[in-house]
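Scroll down for the structure; my scribbles are underneath it.
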Amino acid sequence: MKFQDILTTAIASTFRSKLRTTLTVVAIFIGAFTLTITSAIGTGVSDYINTQVSSIGATNVMTVTKAADASSSTNTGPKKYDPKTSGATTQGRVQGPPTDTNVLTASDITKIKPISGVLTVAPSVQVSPDYIQAPGHGKYVMSLNDNAALTKADLASGRQLDNSTSASEVLLPTTYLHNVGFTSAKEAIGQSVTVGITDYAGAQHVVNATVVGVQNATLFGGGVSANTALTNKLENVQATGKPATVTSSYASATITFDSSSSPAQITALKKALADKSYSAQTVADQLGSFETVINGIVGVLDAFAIIALIAAGFGIINTLLMSVQERTREIGLMKAMGMGGGRIFTLFSLEAVFIGFLGSAIGAGVAIGIGTLISGALAGGLLSGLPGLHLLQFAPTSIATIIIVVMLIAFLAGTLPARRASRQNPIEALRYE
């Protein structure tokens with residue numbers, strides 16, 4: 001019997017007991033369906049994160065903070081507060097000379113600049129505007145993206161900020177358009193807006209700026225982005241009335257390095273900063289924890305899918321063992337006609353593989369259909385605030401891998417019944433009632 005004949009016979013034999021085969025296929029279907037969905041979630045989230053990182057152009061940027069001071073805590077919790085050694089803060093600034101605080105000062109910025117590999121360093125200024133207002137419209141609370149000058153926005157319309165100009169420029173998030181008074185992203189481009197900000201003494205001032213672009217919401221927040229000129233103006237206004245005894249401090253600073261730096265060079269730069277008691281993270285590092293959580297959730301769901309497939313494997317064993325028992329005389333006849341044990345083993349193994357293929361192919365197909373509908377609904381509804389995020393993305397290679405893995409599990413499950421069939425004694429098998 002040729003292999004093609006064995007394959008045809010195996011497929012035909014699979015449907016001899018339709019109910020038993022169907023129940024086994026359903027068990028495999030559940031596992032394959034779950035694996036396909038969880039794989040699509042992992043692919044969708046990872047693709048979105050990678051898109052966000054590449055779209056902002058921040059692959060050569062690090063956020064630097066002061067390394068945590070071990071002396072600020074004890075084995076039983078935080079260290080007791082001492083006004084002589086702790087700086088009192090007001091609106092994010094340290095009152096008096098900062099002593100043992102985990103904030104950056106002007107001297108820290110000076111220390112970071114000469115470190116090998118650092119191209120530029122800029123403190124993350126804590127500017128807190130009160131509101132933003134378009135002509136003829138109301139005032140709305142405004143949050144500012146402090147690091148916008150060092151990143152590249154994912155634009156819905158307009159252009160990027162120009163940090164070399166003295167003109168004040170802003171990028172509005174798409175979520176601001178309607179409330180501020182613009183009906184579309186294109187309408188907002190070139191329009192003037194007023195930014196209100198309160199100084200150190202409590203008096204409110206206004207600063208004018210021009211909308212040069214509209215940006216999509218991202219994982220990095222939906223605040224208004226300002227260029228260097230506007231940020232400096234707002235900082236100066238905010239500092240008006242500040243006593244000379246108040247020393248400015250910064251929660252973090254942003255450094256740039258050569259975009260062609262290798263992973264080893266980036267690691268070396270982090271170490272050089274760590275040796276100076278600074279902690280540094282790239283955008284990828286900051287997103288790593290988020291991706292780890294997603295991968296952990298996907299891993300747990302995959303584990304349940306694997307359990308379902310293992311249970312389905314026992315179903316295959318049971319299905320084929322019963323098939324072997326029912327076809328004992330048929331096996332004896334095949335052996336009596338000269339069919340070797342190897343071909344009989346192949347016949348029953350192919351039945352198992354075919355059952356695995358049916359369950360996995362149907363499971364993957366249904367998962368793709370349902371997943372695509374769910375992903376589209378979420379993108380247009382619950383996740384509409386994150387343009388470009390398709391929660392479920394089905395990669396052909398992942399689908400093929402799942403089907404092959406399930407078929408392999410089915411083959412392994414079918415080896416016991418197939419081995420039992422191949423070792424049947426033809427004389428005893430022909431006498432079987």
Surrounding net charge for VAL118, when Lys and Arg each add one and Asp and Glu each subtract one, Cβ distance under 15 Å: +2
Computed lengthening from ALA311 to THR120, 0.36 nm per intervening residue step minus Cα-Cα distance: 62.9 nm
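Sort VAL293, VAL214 so the one with the fewest other Cβ atoms within 10 Å of its own Cβ comes first.
Listed from fewest to most nearby Cβ atoms, that is VAL293, VAL214.
Counting only other residues whose beta carbon sits under 11 Å from that of LEU177, what net charge do I get with K and R as +1, D and E as -1?
The answer is 0.
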What distance in nm separates the two pseudo spin-label positions at ASP162 and THR372, each 7 Å out from Cα along the beta-carbon direction? 4.6
What FRET efficiency comes out for the pair ASP130/THR397, r = Cβ-Cβ distance, R0 = 41 Å, nearest 0.05? 0.20
Inter-site label distance for ILE294 and ARG419 at 7 Å from Cα along Cβ, in nm: 4.3
Any chance you could run the full-extension gain for ALA336 through ALA239? It's 0.36 nm times the residue separation minus the Cα-Cα distance, nm to one decimal. 25.0 nm
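No value in this document is a laboratory result; all are computed from the given coordinates. Quick caveat, the model's predicted, so the values are computed rather than measured. FYI the Cβ positions are ideal-geometry reconstructions off the backbone, even for glycines, and counts take in every protein chain you see.
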